[in-house]
Amino acid sequence: MADESTTNCCCEAVAENDDNSVCCGDYEVTEDSKVENPTNSKKEIDSETFKRIKDMAKSLDIEIIGFGKIPKEQMEENERLQYSNAIVFTMKIGDEIINEPPSEFAQNLNNLLYDKFGKATYIISDYLRQNGFATQVAHPHQNLLDLPKLAETAGMGVVGRSHLLITPDLGPCEKIGAILTPIENLSFSKENTHKWINDYCKRCGKCIKVCPEDVLQKEYMDDNKAEFIESRCIGCNQGCTYCIEGCPFYKDGYDYVKEKHDKLEAKLKEKGKL
């Protein structure tokens with residue numbers, strides 16, 4: 001039996017030496033860039049090019065675009081990162097994947113989504129390169145960096161107790177990818193309005209209860225995320241999505257959960273328990 005590691009198999013553990021290393025499972029990431037990086041990259045993007053990127057993303061079924069900065073200390077620790085500014089993308093995990101029980105077929109559905117998302121990210125990256133902007137693609141199934149945390153930094157949502165990004169539009173139902181670039185005039189998020197999710201997750205814990213492999217533990221890795229036993233997770237080799245299916249943000253939606261949370265907070269404040 002493999003050692004029970006507590007690193008997260010869902011693209012949070014960062015490999016040391018291989019740009020093409022993946023989270024887990026046997027999915028093979030391919031380099032699909034067709035355009036070389038410019039020698040001297042532009043640092044500012046014009047509104048017309050930016051609009052074209054957003055339109056292109058929408059046509060490729062990319063749901064959310066955010067902009068984040070990778071902290072200086074992370075850039076120093078991870079020598080593989082070429083640029084500190086990031087355009088962050090998400091793509092919806094459809095019900096046909098979430099409702100499929102863990103199996104080889106379920107994993108194939110997941111892999112098809114990774115293929116689609118990866119190719120879409122490279123298409124946008126090539127467009128940026130054609131227009132004079134240097135890029136580095138963070139494939140949704142690569143370990144280049146912690147993509148959920150990057151999306152949280154971009155203000156797109158919050159990484160919940162299950163280690164999954166939770167957003168207003170998609171809840172926990174998204175894959176995450178990014179393009180790193182030296183572009184300096186992106187609309188970087190200055191605050192994250194979704195931090196209340198941390199408090200909700202601490203009271204909830206349904207992702208822990210529904211996991212058939214006991215991957216998520218009641219103990220915490222940090223202030224919000226549950227301890228995660230990677231060797232037990234079958235999400236990357238059997239396409240398991242029970243932690244998504246059991247999440248109230250998937251079943252009830254962001255707005256309903258927020259309303260429920262706010263009412264509970266108000267009652268606790270009245271009783272002097274907050």
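What to note about this one:
- Subset of the stretch 120-168 (residues that are farther than 18 Å from residue 91 by Cβ, touching a Gly at 6+ places or on another chain (Cβ under 8 Å) and not in a helix (DSSP H, G or I)): 155, 161
- Looking across the stretch 122-139, the residues that are more than 20 Å from residue 189 (Cβ to Cβ) and under 16 Å from the mean Cα position of the chain (by Cα) come down to 137, 139.
- Test: residue in the stretch 256-268 that is touching a residue at least 24 places away in the same chain (Cβ under 8 Å) and of a type in the set (Phe, Trp, Tyr): no
- Within the stretch 38-68, the only residue that satisfies the criterion of being exposed (fewer than 14 other Cβ atoms within 10 Å of the Cβ), closer than 16 Å to residue 89 by Cβ and in contact (Cβ under 8 Å) with a residue 40 or more places away in the chain is 61.
- Picking from residues in the stretch 81-97 that are surrounded by fewer than 18 Cβ atoms within 10 Å (Cβ to Cβ) and over 27 Å from residue 49 (Cβ atoms), the one that is nearest to the chain's Cα centre (by Cα) is 94.
- Residue in the stretch 124-133 that is touching a Pro at 6+ places or on another chain (Cβ under 8 Å) and either among the hydrophobic types (A, V, I, L, M, F, W, C) or buried (at least 16 other Cβ atoms within 10 Å of the Cβ) (or both) present: yes
- Residues within the stretch 122-159 that are of a type in the set (Ser, Thr, Tyr) and under 25 Å from residue 72 (Cβ atoms), tallied: 3
- Qualifying residue in the stretch 221-235 (condition: among the hydrophobic types (A, V, I, L, M, F, W, C) and closer than 28 Å to residue 65 by Cβ): yes
- Given (1) under 20 Å from residue 171 (Cα atoms); (2) without any contact (Cβ under 8 Å) to a residue 12 or more places away in the chain, number of the condition residue 246 does not satisfy: (2)
- Of everything in the stretch 189-246 that is surrounded by fewer than 21 Cβ atoms within 10 Å (Cβ to Cβ) and in a strand (DSSP E or B), the residue that is modelled with the lowest pLDDT is 220.
- Of the residues making up the stretch 228-274, just one is under 20 Å from residue 157 (Cβ atoms) and polar (S, T, N, Q), namely 241.
- For the stretch 220-241, the criterion of being closer than 16 Å to residue 170 by Cβ and touching a residue at least 12 places away in the same chain (Cβ under 8 Å) is satisfied by at least one residue.
The values are calculated or read from the model by the stated rules, or taken from the named source; none is laboratory data. Note that this is a predicted model, so its numbers are computed, not measured. Here Cβ is always computed from backbone atoms with ideal geometry, including for glycine, and neighbour counts include all displayed protein chains.
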